Structure formats: structure tokens, C-alpha cells
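Coordinate-derived values only; no laboratory data. Quick caveat: nothing in here was measured; it's all calculated off a predicted structure. Positions of Cβ are backbone-derived with ideal geometry, glycine not excepted, and every protein chain shown enters the neighbour counts.
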Amino acid sequence: MKRYKAIPEYYDPEHAHHEMLENDVPFFLSHTSPGQNILELAVGTGRAAITIAQAGHRVVGVDFDQAMLDIAVRKRDGLGLGDRQLSLIRGDVLRLDLGRPFDWVCIFFNTFMTFTTLREQDHALQAVRRHLKPRGRFWLDVFQPNPAILAEHESKDLEPVAFYVPEFDRTVAKTIEVRRDLARQNQRVTFHYTYFDARGREHHQRTEFDITFMFSRELQLLLERNGLAIEDIYGNYDGSRLNADSPRMIACCKRA
């Protein structure tokens with residue numbers, strides 16, 4: 001299995017067109033009380049963590065990719081946030097032990113699906129429970145699989161988008177390719193990038209990684225066996241309940 005590793009400078013601009021990224025953090029914040037201690041796992045470039053800290057919470061963000069964290073630090077510092085408001089730590093979610101509990105632990109934007117085996121998922125959720133206070137809450141946001149799409153063995157040229165990368169002064173075109181193995185519940189995702197340099201020469205890059213998928217009953221069983229009880233499960237950021245047509249599975253859990 002290939003773990004997701006972004007091209008750090010591309011990450012923010014290539015995802016800026018996703019409407020969900022304007023709604024996921026505000027929906028989460030509507031469930032929090034003022035001034036809480038919040039741990040975000042797989043914090044990346046700090047997109048969610050910075051907004052949560054600006055809302056008055058004390059946030060710790062963890063990621064395994066130092067280059068992504070470096071961008072998060074620059075963004076945090078540029079907004080005048082201090083380390084006490086948002087602390088950014090390099091670490092492996094699957095082995096994490098910070099030695100302190102939190103009011104909330106959260107994982108946004110399908111990141112949990114990059115843990116492709118049951119063993120990895122159990123380790124991730126055990127780390128979640130280990131970092132929750134006795135009445136702590138866990139927020140997990142993943143996509144709900146679409147059976148019609150899963151029936152296609154391969155999909156190409158998905159979500160075409162062009163984005164500008166300030167650090168490299170380049171405009172990049174991106175498409176997505178997905179190959180599916182239903183027996184293993186695995187999807188091999190490839191991001192294809194194309195850009196032209198100042199001399200007009202064409203360049204190609206790609207990022208390839210695996211993600212899994214699960215349905216709501218699987219999700220409930222997985223959470224419960226790791227000591228996390230679902231209080232609410234939503235199908236989208238408008239607070240609607242999960243149904244067969246919902247695009248998301250947003251689980252608000254408590255430590256059991």
C-alpha cells in the first residue's frame with residue numbers, strides 16, 4: 001500500500017476549489033464549547049487547525065510530513081497566532097502518545113481513509129481514544145461510497161482543475177485517475193499534473209497513493225470496537241442525517 005504524500009507547495013491551491021472545505025470546519029465548530037483543547041490528527045498545512053485556533057480554541061496539530069508542517073508554521077505565524085494557540089508537532093498518528101488528554105480529537109477531509117488496513121485503522125482509533133478526556137469527543141469526516149462509481153474498475157480524467165502555485169510561479173493542470181479493487185476495498189489514486197516552464201517546455205508530475213472505503217455499518221463497528229460510541233452521524237455539513245444519497249459520513253463520537 002502507498003501512503004499519501006502530497007507535493008507540499010501544491011496542496012493548498014490544488015484543493016481550494018472544493019466547496020466542502022468552506023463548510024467542514026464551521027460545522028465542526030458549531031458542536032464545540034468555547035476555549036476547548038483540540039487535537040487534529042493529520043493536520044497537513046494547517047487549513048482546519050488555523051481556523052479552529054482563530055475561533056479561540058487551543059489546538060495541537062500532528063502530521064508525519066515535515067514539509068507540510070513547515071507551511072503550516074509559516075501560515076500560523078503570518079496570522080499572528082502563537083505556539084500556545086496552535087502547536088504543530090511531527091509524529092506518526094499510528095504510534096502517537098502525547099501524554100495529555102483533549103476535549104476533542106478530529107480527523108478531517110477523508111484523511112482516515114488513507115489508513116487502508118484494519119490494523120492501521122485500529123491503531124489510529126486507539127490513538128484517538130488514548131488522547132481523549134473521559135468525556136471527550138471524536139470528530140471523523142469521510143466520504144460515503146457511491147455504489148455506481150465503485151462499480152467502475154477504472155476512472156480517468158476526473159475533476160480537471162488548474163491552479164496557480166506562488167512558490168514556483170507556475171500554473172498547473174491536474175486530473176485524477178482511480179483504479180479500484182473491490183475485493184480488497186482499495187482504490188489506487190493518481191494525481192496527474194502538467195505545467196509549462198518559462199521556455200514553453202511541458203513537464204509532468206504525479207502523486208500516487210491508496211485509500212480504502214467503508215460503509216456506515218462498518219464505520220460504526222470499527223468505532224465501537226475501539227471504545228468510541230457514535231452520538232450523531234450526519235450526511236452533510238447542513239446537519240442532515242445520513243441516508244443512502246448522502247455524500248459524507250460525519251461521525252460525532254464520545255469516549256465509551
Gain on full stretching of the segment that runs from His203 to Arg130 - 0.36 nm per residue minus C-alpha separation:
21.8 nm
Over the chain, what relative contact order in percent results from Cα pairs under 8 Å that are six or more residues apart?
18
Got a sec? Charge dipole of the chain, +1 on Cβ for Lys and Arg, -1 for Asp and Glu; which of Pro26, Gln54, Ala256 is way out at the positive end?
Ala256
For Lys2, which lysines qualify as cross-link partners when the Cα separation must be under 26 Å and same-chain residues fewer than eight apart are set aside?
Lys156, Lys174
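For a quick check of your reading of the filter: which trypsin sites (Lys or Arg not before Pro) in the stretch 152-256 sit in a DSSP loop and have no more than 12 other Cβ atoms within 10 Å?
Arg199, Arg201
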Percent antiparallel among DSSP beta bridges confined to the chain, rounded to 5, stands at 70
Which one of Phe209, Phe196, Phe108 has the biggest mean-square fluctuation once the chain is modelled by GNM with Cα springs under 10 Å?
Phe196
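Using Cβ counts within 10 Å as a stand-in for footprinting exposure, how do Val73, Val105 rank, fewest first? Don't jump to the answer; show the numbers that get you there.
Numbers: Val73 16, Val105 28.
With the sparsest Cβ surroundings first, the list reads Val73, Val105.
For the chain, what is the calculated [θ] at 222 nm in deg cm²/dmol (nearest 500), taking -39500 (n - 2.57) for each run of four or more DSSP H residues and dividing by its residue count? Don't skip to the end; give the middle numbers.
Working: 7 runs with 62 residues, N = 256.
So the helix-based figure for the chain works out to -7000 deg cm²/dmol.
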Among 112-119, 19-26, how do they line up by average Cβ neighbours within 10 Å per residue, starting with the highest?
112-119, 19-26
Please give every one of the lysines within straight-line cross-link reach of Lys133, meaning a C-alpha to C-alpha distance under 24 Å, and leave out same-chain neighbours fewer than 8 residues apart.
Lys254
In what order do Leu219, Leu39 fall by count of nearby beta-carbon atoms within 10 Å, going from fewest to most?
Leu219, Leu39
With +1 on the Cβ of every Lys and Arg and -1 on the Cβ of every Asp and Glu, the dipole magnitude of the stretch 52-140 about its Cα centre, in debye rounded to the nearest 20, is 380
